[in-house]
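Colleague: Take this structure first; my questions come after.
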Amino acid sequence: MADTNVTAGYAAQLKAAQRELPVATAAAARFPKGRTITSASPFATEAGAQAEGARLAAFYAFPLVEDVAIVAGARADLQGRCIAADCRRLDYRPGDLVFVIGAQELDNGTTSLTVLKRVGA
């Protein structure tokens, strides 16, 4: 791997302590005893970090339910991704968004996905 020079300012930013950027959401008023979520992100700008914080806050603004769904094929690549789900067995509507927190490929050519879905969204 070749050495890459970075500017002194960018090097200082990479070495700096993590900053906390609070994100306010409308859900905070509904759940005054809510949770605090921290997330490290690769965003280089404060605007990018704020946008990601708002996306996470919107997802976690409602109670969550954990479900397990079986999908066709080897799909371990879905772990850590937000996907649109269509699973009548779990009472999901087409386009419902879920966050895949676990993916285990099974011997029969399917994958067991553990997902989080917002309740009451």
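The values are calculated or read from the model by the stated rules, or taken from the named source; none is laboratory data. Being a predicted model, the structure only gives us computed values, none of them experimental. Glycine gets a Cβ as well: all are built from the backbone with ideal geometry, and neighbour counts include every protein chain shown.
Colleague: What about residue 80, is it within 30 Å of residue 11 (Cβ to Cβ) and modelled with pLDDT under 75?
Modeller: For residue 80, the condition - within 30 Å of residue 11 (Cβ to Cβ) and modelled with pLDDT under 75 - is not met.
Colleague: Scan the range 55-85 for residues that are acidic (Asp, Glu) and within 10 Å of residue 103 (Cα to Cα) and report the count.
Modeller: Within the range 55-85, the subset acidic (Asp, Glu) is 66-67, 77.
Next, only the ones that are within 10 Å of residue 103 (Cα to Cα) stay: 77.
The qualifying residues number 1.
Colleague: Within the range 87-120, can you find the residues that are at pLDDT below 90 and loosely packed, with under 12 Cβ neighbours inside 10 Å?
Modeller: Within the range 87-120, 88, 89, 91, 93, 94, 95, 119, 120 meet the criteria.
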